[in-house]
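Working notes, structure below.
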Amino acid sequence: MDPNMEQQLQVVLSWLKSIYKARPIPQFEVNPVTVSVLYALARRNQTAERDAALLLPDLTQKTQEYIKDTNRLHEILQATGVTASSSVANQSGLIPPATITLDTTRSPPSSLETSLQVLTHLAMSLQLKDTSLSTYMLALADLELQHQRLATSKLEFAHMQKDMARKSQDALKQLDKARHSLSNITRTPVTAASTRMAEAQYYQSKADEYQVTLEELQDVLSATGLYNEAETQVKSPDMDPMDDTFDPDPLPALSHTRLTQLADKLVALQAQTAPHMQTLQSYRDLPPDLALARVRIEEAKLELARLDEALAAATTH
């Protein structure tokens, strides 16, 4: 067994023996949990017994002082005509306040008796432990202090009530403002949604219109043969990949890039055919028939002779 547990078990057994004395101690299971709980209970009980043993002499002394003070007050009451009923006596010798009565067989009370009755009722109301002047003064001072505290608390409560009313008004104003803002916010999305819906319908109609126009232009472009040219360029097995005109990935015929490429190709073809066009232009003035060509040659010769004669005449003069 653990030495610490064994020591705790000895403390528990001694405590149980002190409680049960000659009676048998109840059986319990000896394990760490049970011993720990009983040890804590024993320590707490021993501490309480030690505290009670320290307080008991002081309480006994105070009881004796209260009995002496009560007997003194009882003698004073008897001397002033205030007596206690026969059922007052009890084991402690105290006189309960409820049993104090006025002796009505005597003459009307004097001012001293009246004052004493007032002081008695005041002491009972203030629940004083004795009737000395200092006790009365302290009780009245404490009562005045309580009154001042109550008045201060009343003022603080009034200020708090005013502050709460002001804050409530501010909160109501903020609530109205928030409701107004919320109503504006709830109306704004509806307006925005309707505007966006109208814009969406307009964009959809324009998209449909553009789609129809695009299909018409694609039909026109297909009629020009650009799509067929692009498909032939891709599908033709005789095209040389090293050729500059070969396009392995032709773009759509209506794209800007495709049109730019076609324009560049057109400029290049025009540059290549320009010399040939000039040569061809020189042959366009010739007649299509050989006989006519000879006639034209003779006419040209005659025109040349006339010009020579005109030139000679001009130089002679």
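The values are calculated or read from the model by the stated rules, or taken from the named source; none is laboratory data. Because the structure is predicted, anything quoted here is derived from the model rather than measured. Cβ coordinates were reconstructed from backbone atoms using ideal geometry, including for glycine residues, and neighbour counts include every protein chain displayed. Keep in mind that these areas ignore ligands, DNA and RNA; they rest on the heavy atoms of the full protein, side chains included. Shrake-Rupley method; radii C 1.70, N 1.55, O 1.52, S 1.80 Å.
Laid out as a table, the results:
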| item | result |
| --- | --- |
| Unique residue being touching a Lys or Arg at 6+ places or on another chain (Cβ under 8 Å) and at pLDDT below 90 when the list is THR135, THR195 | THR135 |
| Sole residue being open to solvent by 100 Å² or more (accessible area, probe 1.4 Å), within 30 Å of THR131 (Cα to Cα) and more than 55 Å from the chain's Cα centre (by Cα), chosen from LYS21, LYS68 | LYS68 |
| Filtered residues of segment 24-48 (kept if of a type outside the set (A, V, I, L, M, F, W, C), assigned to a helix (DSSP H, G or I) and exposed (fewer than 12 other Cβ atoms within 10 Å of the Cβ)) | ARG44, THR47 |
| Selected residue (only one of LEU150, LEU138 is closer than 30 Å to GLU75 by Cα, assigned to a helix (DSSP H, G or I), open to solvent by 60 Å² or more (accessible area, probe 1.4 Å) and not polar (S, T, N, Q)) | LEU138 |
| Qualifying residue in segment 98-114 (condition: open to solvent by 50 Å² or more (accessible area, probe 1.4 Å) and modelled with pLDDT of 75 or more) | yes |
| Hits in segment 20-39 (condition: over 11 Å from LEU9 (Cα atoms), without any contact (Cβ under 8 Å) to a residue 12 or more places away in the chain and not charged (D, E, K, R)) | TYR20, ALA22, PRO24, PRO26, GLN27, PHE28, VAL33 |
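Conditions (1) farther than 18 Å from HIS121 by Cβ; (2) modelled with pLDDT under 80, marked per residue:
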{"position": "ASP51", "(1), (2)": "yes, no"}
{"position": "LEU55", "(1), (2)": "yes, no"}
{"position": "ASP58", "(1), (2)": "yes, no"}
{"position": "LYS62", "(1), (2)": "yes, no"}
{"position": "ILE67", "(1), (2)": "yes, no"}
{"position": "LEU77", "(1), (2)": "no, yes"}
{"position": "THR80", "(1), (2)": "no, yes"}
{"position": "ALA89", "(1), (2)": "yes, yes"}
{"position": "ILE95", "(1), (2)": "no, yes"}
